[in-house]
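Laboratory data are not the source of any read-out in this text; all were calculated from the coordinates shown. Here the structure is a predicted model, which means the values were calculated and not measured. Glycine gets a Cβ as well: all are built from the backbone with ideal geometry, and neighbour counts include every protein chain shown.
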Amino acid sequence: MHQIPGLFTAHTAEKGRGVFTSIDINAGDTIEVCPVIIIPKSQLPIIHKTVLHDYYFLWGEEMDECAIALGFGSLYNHAIHPNANFILDLENNTIDVEAIKDISAGAEITLNYHGEPGDEGALWF
């Protein structure tokens, strides 16, 4: 697993636990490369009955599987206009988190859960 130094989790008033940085991050920097645990399509319905439902990513060529990101990967909070983006690397079984804006030390790192910054589609929660 690759991860920049200075990542930490902290409580946020509105979203519970989130991922923050203690150092400045530049747009374009790789924040984290998270290995994943792939959950097969046949087990996806089971996830919906567990606490893991709020932490998985859709996965696979057909997006009909799911994956749990290790490291901080499944703990980043949602924002419509985030400061980071995630890339599903199906070949290497990782989710890569990259800064799309400069992020100041002390700031929360956020992702758009739809995968496209600015996507305002409804979420499941």
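For Val97, Val33, Val51, the sequence from fewest to most other C-beta atoms within 10 Å is Val51, Val33, Val97. With the helix formula -39500 (n - 2.57) applied to DSSP H stretches of n ≥ 4, the chain reaches a computed 222 nm mean residue ellipticity of -500 deg cm²/dmol.
With Cα extents along the principal axes in Å in mind, check (i) 45, 30, 25; (ii) 42, 32, 24; (iii) 62, 32, 24 and report the label derived from this structure. Entry (ii).
Would you mind computing Rg(Cα) / (2.2 N^0.38 Å) for the stretch 1-63, counting N as its residues?
Dividing the Cα radius of gyration by 2.2 N^0.38 Å gives 1.43.
Using θ = phi - 60° in the Karplus curve 6.51 cos²θ - 1.76 cosθ + 1.60, the 3J(HN,Hα) couplings for the stretch 88-101 round to 7, 9, 5, 5, 9, 6, 9, 10, 9, 9, 10, 6, 10, 9 Hz; x is entered for Gly and Pro. For a straight C-alpha distance cut-off of 19 angstrom, the aspartates and glutamates reachable from Lys49 (same-chain residues fewer than eight places away being disregarded) are Asp64, Glu65. You can think of it this way: the chain between Asn93 and Thr9 has 27.9 nm of extra reach, that is 0.36 nm per residue less the Cα-Cα gap. Of all lysines in the structure, those lying under 26 Å Cα to Cα from Lys101, and not within fewer than 8 positions of it along the same chain, are Lys15. Computed on the chain, with alpha-carbon pairs under 8 angstrom and 6+ residues apart, the relative contact order is 30 percent.
If Lys and Arg each add +1 and Asp and Glu each add -1, what is the summed charge of the other residues whose beta carbon sits under 14 Å from the beta carbon of Cys66? Its environment carries a net charge of -3.
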